[in-house]
Every structure is written in structure tokens, then in C-alpha cells.
Amino acid sequence: MAYTNDMFKGFKDASVVNFIEKFKTDEDCKDYLAHYKWKDGFRCSKCGHTHFWPKKASPYHGVCKSCRHIEAVTSNTLFHKVEFGIRKAFYIILELSSTTQGMPAELLANSYGINRKTALLFTKKVRIAMKSSQLYPLKGKCEVDEYIIGSKKEGKRGRGASGKMKASIVIEIEGKGIKRAYGMQIKDFPSKGLEKIPDRPIDTSASIAADKWTGYSPMQEKWQLEPKKSPPKENSTFMHRFIQQLKGWLRGIHHHVGEKHLQGYLEEYCFRFNRHLFKEAAFDKLIQRMMGHGHVSYQMIIS
Ligand SMILES: [Zn+2]
């Protein structure tokens, strides 16, 4: 088994040429995964035992000495039994993490010669890994707003908004731009306050600009809220530009956004957006998350 290599360095490079050079074969990719899988030694994903027999025919499998389970480098990760080969999976992750603005599953299926359903399932797994860890809450100057999204009647919260997909967006402003952003799908625009407010990834030291809307009142228990200054033109604000770009992306890439998928798309968009200043690290980060997340079956994804 190829693991515990102290010389290992994650691939942090925005060059596609260097990527092609580094990952020439499935073995190159499995070596890479093995580092993350077994960096702390072998562990059976069935029984937790830490002793194994190497499998003669493959350096990427170990046989658990306790329960005889054959642990593959991809076992119990989001790469579990990836049907179309690990190298194609690496290329798709590169596409989705940094080189493109994301690709719909149909296009990935055509580009990589894989089944459409398989491509769809894999992109959903990648989106699971793109979910924010919430370990780095937004700080400093922030702004929050709510929108109807991914539907024909898009716009700000307001009348006739029931039944449409809604999202709460928070941005962190630094200098002359947005540094980071998070989007959260919400069920409604309740007058008594937005659901899941304590879950928001915003540091308590942040100052948050918000509309004078009663829905925000519960946030005042935790954060310093400031009324939004009205700019000369609403469409000149950072928030407005962010939301227009997000909606444009949703329309361009994922023409029909179902309610079940909006949160995943928000995570995908924010994953890339939040790495626009250090794209080189996005691929490696996504690989680590795919390896750190347990197996998710087709049944779990569609239910
Ligand atoms: Zn075992």
C-alpha cells in the first residue's frame, strides 16, 4: 500500500499543463488519494481495526486482519466505486473546482464519454464536498439580503413570494470588492425572523448591513446590525452585482433548478467564488474533502 509519504505535497497549481503532467495514469491519482486515505495508517472502514495484510495484486488495497474486509483506497469516501476511472474523476474535479465556471452533468458526460446518470451522480457528490466547512466565518464588513432565485419571477423578497425558491445571501466586503460569500436556501421570508440564524457562518465581531426588515430582528441578539445605506442606484451595490452573477450562472449552467438542488448549487458557486484569489488550492481542497467524507450511495442522494 502506498501511503505515509512524508515528502507528499498537495497539487497546488492552476496550470492544466502541470496537472496533465502530474496525473498521467489512474495509478498517479490513486497514489495521491492514498496519502489522504492512509496518512495516519490503515483503518478498516467496516470494523475500525488498524492491522492489515497488503494485497499482493494491488498496492491500493489492504485486507483487514480482523474482519477480512478488503479496504480499497476509495472505500468509504466520495470516490467509492467510481465507475468511470479515477483519472476522469480527477479531471472532472479540476473542471468543477477551478478551471471552468462549473459544467452541467450532460456536458461532462459528453466530454468524458461517461453515462449521463453516472455523471449526474458524481457531480452531486462533488457538490456535497463543496459544502462549506463553516470553519472560517465571515468577518469585518458584511451585508445580508434575501432573494427569490432560480425561478422566472426573480427578485427581492416581497409579495407573492410564496412557493418560490428563496435564498439568504451574506457577503464579506473588503476594499473594493467581495472577499467571500455564503448562500443558504430558506423556506420562507418569515416576519418573525429567518430560520437557522444561529447557523450562519458570520463571526460575532462582524458588522452586518441589513434592510430595515423585521425578519432580521433575532440576528441582533448575536450580531451588530447596521441599516443599509441607500446607494444612488440599487444596482451599483456589491450585493446586487453578486446576486446578478449568481443568477446568470444558474441560468447558464443549470437551466432548470429544482428546489431539492438549490442549496447544492449555492454551495458550488460559493466554493469557487471564495477561492477566486487562490484558485491553485481549490483542487487539492476538494480532493481532501472527497476523501474525508464517508460514502454516499445513489439511494441517499435521490432520497
Ligand atoms: Zn475490519
Subject >> the chain - charge dipole about Cα centre, Lys and Arg +1 at Cβ, Asp and Glu -1, debye rounded to 20 >> reply: 480
**OP:** Quote the accessible area belonging to residue 261 in square angstrom, nearest 10, computed with a 1.4 Å probe and with ligands, DNA and RNA left uncounted.
**Re:** 60
Original post:
So which lysines pass the test for residue 166, namely a Cα distance under 16 Å, with those fewer than 8 places away in the same chain ruled out?
Top reply: 152, 153, 156, 187, 196, 247, 260
Original post:
Using the alpha-carbon atoms, what tilt in degrees (0 to 90, nearest 10) does helix 116-130 show relative to the longest principal axis of the chain?
Top reply: 70
Original post:
Which aspartates and glutamates have a Cα less than 17 Å from the Cα of residue 56, not counting those fewer than 8 places away in the same chain?
Top reply: 27, 31, 71
**OP:** Select from 31, 188, 40 the residue whose mean-square fluctuation is largest in a Gaussian network model of the chain (Cα-Cα springs shorter than 10 Å).
**Re:** 40
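Which net charge results when you count Lys and Arg as +1 and Asp and Glu as -1 among the other residues whose beta-carbon is under 14 Å from that of residue 103?
Combined, the nearby Lys, Arg, Asp and Glu give +2.
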Subject >> Fraction of antiparallel bridges per DSSP, the chain only, in percent to nearest 5 >> reply: 75
**OP:** Could you name the aspartates and glutamates whose alpha carbon sits less than 16 Å from that of residue 228, not counting residues in the same chain fewer than 8 places away?
**Re:** 143, 145, 146, 172, 211
Original post:
With the dipole of the chain worked out from charges on the C-beta (+1 for Lys and Arg, -1 for Asp and Glu) around the Cα centre, which of 255, 290, 182 lies farthest toward the positive end?
Top reply: 255
Original post:
Considering the Cα trace of the chain, what is its radius of gyration and what is Dmax, both in angstroms?
Top reply: 21.7, 70
**OP:** For helix 238-253, report the angle its Cα long axis makes with the longest principal axis of the Cα atoms of the chain; keep it between 0 and 90° and round to the nearest 10°.
**Re:** 50
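The values are calculated or read from the model by the stated rules, or taken from the named source; none is laboratory data. Just so you know, these numbers come straight off a predicted model, no measurement behind them. In this analysis, Cβ positions are derived from the backbone assuming ideal geometry, glycine residues included, and neighbour counts consider all displayed protein chains. The protein model used for the area step is the full one, side chains on, heavy atoms only, and it has no ligands, DNA or RNA in it. Shrake-Rupley method; radii C 1.70, N 1.55, O 1.52, S 1.80 Å.
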